[in-house]
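For reference, the structure is listed below as structure tokens.
Every number here is computed from the coordinates shown, using simple stated rules; none is lab data. Because the structure is predicted, anything quoted here is derived from the model rather than measured. Cβ: placed from backbone, ideal geometry, glycine included. Neighbour counts: every protein chain shown.
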There are 4 protein chains.
Amino acid sequence: SRLRDHGIEIGVLKPGPLNAITDVPGVQVGHSTLKKGDSVRTGVTAILPHSSNIFQQKVPAAIYLGNGFGKLAGYSQVKELGNLETPIVLTNTLGVATAVNALVGYTLFLPGNETVRSVNAVVGETNDGYLNDIRGRHVTEKDVNNAIENAEGGQVEEGNVGAGTGTICFGFKGGIGTSSRVLPKKSGGYTVGVLAQTNFGGMLKVAGVDVGKQMGHYSDNFKYATDGSCMMIVLTDAPLDSRNLERLAKRAMLGLARTGGIASNGSGDYVIAVSTAEECRIPYKNDSALQTVPTLRNSAMTPLFLATIEATEEAILNSLFAAETMTGRNGHKIEALPKKKVLEMLKAAGKIR
Amino acid sequence: SRLRDHGIEIGVLKPGPLNAITDVPGVQVGHSTLKKGDSVRTGVTAILPHSSNIFQQKVPAAIYLGNGFGKLAGYSQVKELGNLETPIVLTNTLGVATAVNALVGYTLFLPGNETVRSVNAVVGETNDGYLNDIRGRHVTEKDVNNAIENAEGGQVEEGNVGAGTGTICFGFKGGIGTSSRVLPKKSGGYTVGVLAQTNFGGMLKVAGVDVGKQMGHYSDNFKYATDGSCMMIVLTDAPLDSRNLERLAKRAMLGLARTGGIASNGSGDYVIAVSTAEECRIPYKNDSALQTVPTLRNSAMTPLFLATIEATEEAILNSLFAAETMTGRNGHKIEALPKKKVLEMLKAAGKIR
Amino acid sequence: SRLRDHGIEIGVLKPGPLNAITDVPGVQVGHSTLKKGDSVRTGVTAILPHSSNIFQQKVPAAIYLGNGFGKLAGYSQVKELGNLETPIVLTNTLGVATAVNALVGYTLFLPGNETVRSVNAVVGETNDGYLNDIRGRHVTEKDVNNAIENAEGGQVEEGNVGAGTGTICFGFKGGIGTSSRVLPKKSGGYTVGVLAQTNFGGMLKVAGVDVGKQMGHYSDNFKYATDGSCMMIVLTDAPLDSRNLERLAKRAMLGLARTGGIASNGSGDYVIAVSTAEECRIPYKNDSALQTVPTLRNSAMTPLFLATIEATEEAILNSLFAAETMTGRNGHKIEALPKKKVLEMLKAAGKIR
Amino acid sequence: SRLRDHGIEIGVLKPGPLNAITDVPGVQVGHSTLKKGDSVRTGVTAILPHSSNIFQQKVPAAIYLGNGFGKLAGYSQVKELGNLETPIVLTNTLGVATAVNALVGYTLFLPGNETVRSVNAVVGETNDGYLNDIRGRHVTEKDVNNAIENAEGGQVEEGNVGAGTGTICFGFKGGIGTSSRVLPKKSGGYTVGVLAQTNFGGMLKVAGVDVGKQMGHYSDNFKYATDGSCMMIVLTDAPLDSRNLERLAKRAMLGLARTGGIASNGSGDYVIAVSTAEECRIPYKNDSALQTVPTLRNSAMTPLFLATIEATEEAILNSLFAAETMTGRNGHKIEALPKKKVLEMLKAAGKIR
């Protein structure tokens, strides 16, 4: 079940029909979930901003380092050139390089890329080493390719799937979550979709209610999931250049804050923001030195900022609502969010009836 | 009245005795409030990290650009050298240069500074041009000097004072607010103090309760106070270098997010973080090329991050609780936060009894 | 006399007709030179990217912090919004705030700006305190206004003028210098113009010849002009967005390096890059949330990078060739570059005949 | 042969005994060179800041993005935490992920690291795809491990070795080059060592002499080696924190500029700077939240900046002097720098006798 199934509404803007990152036209998401034996609890999630050859039709992009204690691949080229040229892949901390190798192979062998000799793979990660035998490095290139091949539009599976299989959030079972917002027509009617891989700590708030504090559910050194991280992917069909995409990306951290996240020292919190607007694509091959594209003015950004904040907050909470109790490495067990109890607390606070 | 006078507690850490930035030992705050005639509604607030000659005894510092649509002075030198060499001054947008001139004069003529020929004044601002005749540029160097001279420890006046005299926050009267947190002994026992000059928009949340949404009190283009800003000053006696101070500064934005702030396009949101630890002072004159100072490790930062988030949230809310309805330029009137109504909403949500 | 008057050519690209920043169409430069009595040796230089109301017709811009030990005003807003809304003004370190106040006043009272309440003045500086009584703060708002009013196209006065009146470069008299490059047609035919205010140290190289080393003309602690700085203004009519302008700005530091500059600790080295392309102007008032502008692709940047490097190198050297021996504060005397000797060294090196 | 074997001296500071990065005490360098058949021309170079377990005894570090069009791994964590926890590895563009996997494996299995679950591998690259069958991805984890195992102090092999096997610089055969500088006692007596992997373009200058221009050896679109890069590793025994290491790293770009490098659009130019000072090590395990370390003040940085600039310039030139003509993929042939001709040009310019 998802947050809204319980009547909980986050923010003031409306979600898209799926309330998922796939509400952004053309976006596809795929998972590879690795649950094997007692101790493999990990996986891969791939997000495709469009279904064509992304290397040939690059998309404007930016990455914001919320807290850079992480191993994300691809940062500097996105920063310098302002674009993304591969699918975005999420996995576990020690699987990043394997995922990069898979993305490089995937890109080199796409039709049309026969002479390509340089690929900037973007891969994010969180550390699932409490439930997962992360040192065993079980993610393979095939798993990554599967996630890409599995990618499709429509509803997105949440919780203990893909790169969220073994994650922990606020001391409860985390995972993959998603949400979206659609701006009113007069603000452009654009869609913002967010997908989060949640593996971080703090004092959980659900729709503003201090669930973590009331339950006393936080470590007294405030350090849940010290090697944790939160990866937030923000896609929009609004036509944005990389500068305004970086500003958009920064706002996702404000959404994380609303859930009670504190970006602890050990939490590698990254936001990748991409414009999927067709008119903004950056063709690899082109005849002209000039490109004429429409982009939104600075003054049109505020509604998109709000959409990003709301969708991020809800995506994180959806990951907690979807994730189920899991036992993994060394018999470690992480309980799912006690939804019944949480819903009672929300009822008491008047958030739901 | 302040937030805690009503039984409202923010977060899980304890405030210091004054619940103010002045809980950090040695810190002094001073205001110059300019209310004249129908249309002058502005002022100056000065924050002194210590009471000695700051140019001669510089302090480790960092500035984080939450949203850089503002006129803050002094950024690049703090970024490059990692230190602060003047008091921090807050005022209105068009008063920054006058405040810089005042700080330069103040510094040049301090005993011991007779040969100083370079001063990096740090001045922040928000735009009070709705209530204040900002184009009249009424702030004088004398007003700035007065704020510095007025600076003292102890309780800090909040609301419509100093640089907060004419500000607007979430569509209500904003102003100056402050709060503090003291870490548990085992986390080092350090104090973090925050002072905020609040002039920004979004959907107000008080202690997590969606006050703005419930009251329908937000513009439907989400653009309250388009030329607004929020200045957040974070002081701590924890011994920190500029890198970790920048990380600390970033967390203040998470505190702002908890109040419903969205860092709108037009909001210049800046955080200035300073370590007041005596052992970290950077003497202007020194005999050795080496300086040996204790600093906290990365792994000790998390409790300080939490303290910053909580104190920022509460400082912003305190500004709203302290500010009173004001009429200014062209008869413009901004109502104070309807506290009675808000308290009822908090009661209904079970936040207070 | 200028570098090329002696047959010295820098680089492989051709300068524009004036070999000056004013080769960029529409650009205007104005100076106010303050030489009074024994100890006032300072001034103001204003650079106007175009002659209309810049606040109403903003220009894409970026500022690169080569070494941020300086007091430049206006950084954060340019970084955030990617544009410039005032003339660029250069002056001395302690005159920055006065120049900001002048630019604010200038902007507020331009026809069409009657309701403007926020102005981001961009002001750079170097420290002329060895020759100039900088503590006397002799620059007035009127001096700044004069520089703006004096601004015109055509040849640019170099050497001991305007903001370069009292500067020191490589231990010789520095000042204002300028140069330009025009790209070949097939690379777009764009013009890049640079103006430098030179007040820094290192081991002077002229056209690659180790003049400073051969003359033994460097302090053995490598610290000439410890409170020095180099301001570099890069204007181009190439249509560039702020991201590529920041990349362009970075290259000016490579030009500085070719002159033997080392960006010493005390040298505040800043580069301000602006596109003057008419089709890229950002109107303050606009009806649409979208702006459709042509910009150069990343892959078209390299020739512009080279042009920036070459023009910066030559602008710095031109400042040294134009500056004359000056006596100032406390009888301090700084010799002009001994051009005769330098030319002999260049002859010996086969650089000129 | 090396630059100084021909009597060419760069700059004013003295090199260390080896004139190599290994003059910095404790530093080790190892190569794996892959030359197989007609088309494998690549390799791996490893630089170890010290010979203990680097994960357990991290070193202060910074990475500067000179031009971020590259695939360097490890940036964000170094930026956030200010330290390095693995050897630095250089290889080709498409080999980065394999090198990361090797470094992760190497680190996980070092004695003492049995419970480590997170490793931030730092790997740089340049694109050797003109001479090397880069799409064949011939670098293996074993090659990387070999480079690490081969690492030793003493003289460093230069030219067509390790990660420099297949690189191209200024249109000539590039490769690995190294150089060092030792500061005078009164400036602290510290050593700065630089190692460069050279694969970039521009107009070659040797000791300031315009070799490239005189030989007409540059493409008329100024785009040699469009997918090139220059990796610069700067190690020093000076006790520096990450902020000053980042400043140091920036200066390496000034050294690159002196060789005629222009940081073209396609050139991924990165600088990794590390302090090897024993007293600055950051132990992974520690009992105290505080660390007391000596670091150099800002004002002591200038001589280190100069040392970095000079050593970088000379390291790049040494790579060109050491590299030999190579034939590789598809019969592509890149000539070595015609040293005889170059030396004649330097003689004519009076640089050597």
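Taking the fewest neighbouring Cβ atoms within 10 Å as the starting point, the ordered list for A:51, A:39, B:76 is A:51, A:39, B:76. Take every Cα pair under 8 Å whose residues are at least 6 apart in sequence, average their separation, divide by the length of chain D, and the relative contact order is 25 percent. If you take every DSSP beta bridge fully contained in the protein assembly as shown, what fraction is antiparallel? Give it as a percent rounded to 5. Percent antiparallel among DSSP bridges in the protein assembly as shown is about 80.
Seen from all sides and averaged, what is the projected area of the convex hull of the Cα atoms in the protein assembly as shown, in nm²? Please list the in-between numbers first.
Values: hull surface 176.7 nm².
Here the figure is 44.2 nm², rounded to one decimal.
Hey, what angle do you get for helix C:302-322 against the long axis of chain C, alpha-carbon based, 0 to 90 degrees rounded to 10? Value to nearest ten degrees: 50. Among DSSP bridges having both ends in the stretch A:3-348, what percentage is antiparallel? Round to the nearest 5. Roughly 80 percent of the beta bridges in the stretch A:3-348 run antiparallel, per DSSP. Summing +1 for each Lys or Arg and -1 for each Asp or Glu among the other residues whose beta-carbon sits under 15 angstrom from that of residue A:18 gives -3.
When the Cα gyration tensor is reduced to axis lengths a ≥ b ≥ c, the ratio a/c is 1.5 or higher for the stretch D:109-255, and with a/b not above b/c it is classed as oblate. Answer rounded, prolate or oblate for the stretch B:1-145, using the Cα gyration tensor with square roots of eigenvalues a ≥ b ≥ c: rounded when a/c is under 1.5, else prolate when a/b is larger than b/c, else oblate. Oblate is the answer for the stretch B:1-145, as a/c is 1.5 or above yet b/c matches or exceeds a/b.
Would you please give the FRET efficiency between residue D:14 and residue B:299, computed as 1/(1 + (r/R0)^6) with r the Cβ-Cβ distance and R0 = 51 Å, to the nearest 0.05?
Details: r = 41 Å, r/R0 = 0.79.
It comes to 0.80.
Relative to the longest principal axis of the Cα atoms of chain C, the long axis of helix C:141-150 lies at roughly 90 degrees. Site-free segments of chain A were taken between GluC sites (Glu not before Pro) in DSSP loops having at most 15 other Cβ atoms within 10 Å, sites themselves excluded; the longest one is A:115-323.
For the pair residue A:1 and residue B:215, a Förster radius of 35 Å applied to the C-beta separation gives a FRET efficiency near 0.70, rounded to the nearest 0.05.
Note down, for the stretch A:3-348, the three equivalent ellipsoid semi-axes (square root of 5 times each alpha carbon gyration tensor eigenvalue), biggest first, whole angstrom.
Numbers: eigenvalues 187, 118, 50 Å².
With the √(5λ) rule applied to the stretch A:3-348, the semi-axes are 31, 24, 16 Å.
For the stretch C:256-288, applying the loop criterion from DSSP together with a ceiling of 10 other beta carbons within 10 Å to the trypsin sites (Lys or Arg not before Pro) yields C:285. When each of D:301, C:232 is scored by the number of other beta-carbon atoms lying within 10 Å, the sequence from fewest to most is D:301, C:232. Separation of the stretch C:51-106 and the stretch A:143-157, taken as the distance between their Cα centroids, equals 48 angstrom.
Estimated from helical segments only, the mean residue ellipticity of chain D at 222 nm is -7000 deg cm²/dmol, where each DSSP H run of four or more residues counts as -39500 (n - 2.57). Note down the magnitude of the dipole of the protein assembly as shown about its Cα centre, charges +1 on Lys and Arg C-beta and -1 on Asp and Glu C-beta and zero elsewhere, to the nearest 20 debye. Dipole magnitude for the protein assembly as shown comes out near 0 debye. Of all the options D:203, D:253, D:215, the one that moves most in a Gaussian network model of chain D with Cα springs shorter than 10 angstrom is D:215.
Helix A:242-258 and the longest principal axis of the Cα set of chain A meet at an angle near 10°.
Among C:316, D:352, what is the fewest-to-most ranking by other Cβ atoms within 10 Å? Each step should come with its number before you reach the end.
On the way: C:316 33, D:352 16.
Listing C:316, D:352 from fewest to most nearby Cβ atoms yields D:352, C:316.
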